[in-house]
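Chemist: This is the structure, below, for whatever I ask next.
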Amino acid sequence: MRLALYPGECQALNGPHPSRRACRSHPATTSADSGHEPPDTPTRAEQGAPPPGESGRARGVAADLPGYPRRVDTPALSGPSYWETSAPAPDRTEVELPAEVDVAVLGAGIAGITTAHLLTMAGRSVALVEAGRIASGVSGKTTAKVSTQHGMKYHRLAMLHGREAAARYADSQTAALEWIAAEVDRLGVDCAFRRTASWLFTEDPERVPDLRREAEAAAGAGLTAEFRDSAGLPFDTAGAVLVTGQAEFHPRRWLLALAEHAEAAGCVVAEGVRALTVEPGGPGRVVLTTRGRLRARDVVVTTHYPILDRGVFFARLDPVRDLVVAAPVDDPPDGMFLGVDSGHSVRTTPLPDGRRLLIALGEHYRPGSHEDVVGRHHRLAEWARQRFGAGEPTHHWSAQDLTTPDGLPYVGRYLPAGHHLWVATGFAQWGMTGGTLAGLLLRDLVTGEDNDWAPLYDPGRIPRLGAAPNAARFNATVARHAVGDHVRAIGNQRRPADLAPGEATVTRVGARLVAAHRDEEGTLRAVSARCTHLGCLVAFNNAERTWDCPCHGSRFDLDGSVRCGPAVHPLSTVDPSELDSGQS
């Protein structure tokens, strides 16, 4: 059956009619790296089936149209992360862009801030440009495991790329971890950095051979990895892989300190400036932004999803959305843990009162895939309560990660024959070391230094045959949404004018496909349903109150403004008076 609902919250149930919902009365209340890999196979919910023991109906369920709309009677559940609320930052939205710099870095997450810091220290004039606020995107919503144990990574790397490549990957990620450790100490950054162990675990005895192979491959790559019969958690596990000497920290405190040191050395950090495109400009490049033109000899694109469609990254990256809950726990687990069966990821962080906050990640889903995200948040909170005795969540948040077909990030030249244009993306939920490694590598590439890791991460590397099935799956999913979502919207007979407060729908109005939402005050708002990236249709995210694109992961606020790319242009607004005429 359904997990406990929050007061005033309605959860759409899984099953063939996802808009059926169960509700609890009383006034609504609000609650305030990713460090995992999604499970190898889809969950029953992802396959469209109800969870075991749940028929799709429950007492108090009201039937609506299948698929659309979805009712949400509470304010947005998913909000700022613990990292964001516990580490305020100065406002840099009034910082003026310089006319010209040596290097323009677009995107201020861990890859962008680290790159900007290192290039500034190398003597380059640098402008770090961020569309929102620095360290508030994926890097501000991570679980912040500073680890070289990246899930079931090393056996796959050895099989696909060879043992030498797996060893280079381990070496480069270890170098990133140790660079952070050394800089935290050198700069005196108070970011709760501490060494701890990292664990993979399974509850399924049939997965034990996989874990043994992973332990052997990770040790062969140079990590201090070993197989253990148990992970020492407060529930039974069938086997585990232990890697010692790893770390965890407060990512936002670290990144804000790094940005401040870069600024003190001359780096310009500008917030609220969206880069729209990059054009050739004499010996370098010209960045067109919402605040004018910025000329730079080199441009580094670290916008999470690359905003420039050149390089065909949209066909080589697969987005996944991760949910996180944070709740106080009396008996915290010692270490960082990742379940290979379900993809649940766990660590803790210290609270000012001496207790520890459990940070649990899970419930992965594809953005824009018509999921009941509020229900997923509550399932994750219930999992944390049942497994670790976690209390009431203090924070709910979510992040978005990108995977590549061959399991390696893209760091290097944006195009094989391109000059002065660089990119870093595809860290597959392991951005704390991956993004730091990107900064170290990009500093060398931009300054003309040799780096032995460059061929491994080269975005223009020849695709491995073994990665072809993943690439095919990525693009088949996009094609399925591109066609199926249009059919769904055209066939949806729900009129926007008929939406009740808290409901949303994507439907046809005349010749247009619109995304409409009525807020709790009764105001109807509508925008074009076509993503401005490549034209797929958006879907409503009921936890964050956003319109999300399932094809490449662009996300938009209810007014159509861009929340995150690859889209750089907003959804066009639709006059509500146009919605009264109905559909034809």
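Chemist: Quick one: which strands (runs of 3 or more DSSP E) sit completely within the range 303-383 and have at least 3 residues that are aliphatic (A, V, I, L, M) and in contact with a strand residue (DSSP E or B) (Cβ under 6 Å, 6 or more places away or on another chain)?
Modeler: 318-329, 356-365
Chemist: Test each condition in (1) at pLDDT 95 or above; (2) within 30 Å of residue 296 (Cβ to Cβ); (3) open to solvent by 10 Å² or more (accessible area, probe 1.4 Å) for residue 411 and report the one that comes out false.
Modeler: In the conditions (1) at pLDDT 95 or above; (2) within 30 Å of residue 296 (Cβ to Cβ); (3) open to solvent by 10 Å² or more (accessible area, probe 1.4 Å), residue 411 misses (3) alone.
Chemist: Let me ask something else. State yes or no: is residue 406 open to solvent by less than 30 Å² (accessible area, probe 1.4 Å), within 14 Å of residue 111 (Cα to Cα) and acidic (Asp, Glu)?
Modeler: no
Chemist: Can you go through 302, 277 and tell me which one is open to solvent by less than 30 Å² (accessible area, probe 1.4 Å), touching a Leu at 6+ places or on another chain (Cβ under 7 Å) and among the polar types (S, T, N, Q)?
Modeler: Sole residue among the options that is open to solvent by less than 30 Å² (accessible area, probe 1.4 Å), touching a Leu at 6+ places or on another chain (Cβ under 7 Å) and among the polar types (S, T, N, Q): 302.
Chemist: What is the number of the single condition among (1) touching a helix residue (DSSP H, G or I) at 6+ places or on another chain (Cβ under 7 Å); (2) among the charged types (D, E, K, R); (3) at pLDDT 95 or above that residue 318 does not meet?
Modeler: In the conditions (1) touching a helix residue (DSSP H, G or I) at 6+ places or on another chain (Cβ under 7 Å); (2) among the charged types (D, E, K, R); (3) at pLDDT 95 or above, residue 318 misses (3) alone.
Chemist: Among residues belonging to the range 495-554 that are part of a loop (DSSP other than H, G, I, E, B) and among the basic types (Lys, Arg), point out the one that is least open to solvent (accessible area, probe 1.4 Å).
Modeler: Keep residues of the range 495-554 that are part of a loop (DSSP other than H, G, I, E, B), which gives 495, 499-503, 510-511, 519-523, 529, 531-536, 538, 542-545, 549-554.
Add one more test, that the residue is among the basic types (Lys, Arg), and what stays is 495, 545.
Numbers: 495: 83, 545: 26 Å².
Filtering the range 495-554 for residues that are part of a loop (DSSP other than H, G, I, E, B) and among the basic types (Lys, Arg), the one least open to solvent (accessible area, probe 1.4 Å) comes out as 545.
Chemist: Sticking with this structure for a sec: Taking the range 447-476 as the search range and keeping residues that are aliphatic (A, V, I, L, M), part of a helix (DSSP H, G or I) and modelled with pLDDT under 95, which one is nearest to the chain's Cα centre (by Cα)?
Modeler: The extreme case among them is 471.
The values are calculated or read from the model by the stated rules, or taken from the named source; none is laboratory data. All of these numbers come straight from a predicted model, not from anything done at the bench. For neighbour counting, all protein chains shown are included, and Cβ atoms are generated from backbone atoms with ideal geometry for every residue, glycine included. What goes into the accessible areas is simple: the full protein's heavy atoms, side chains included, and nothing from ligands, DNA or RNA. Shrake-Rupley method; radii C 1.70, N 1.55, O 1.52, S 1.80 Å.
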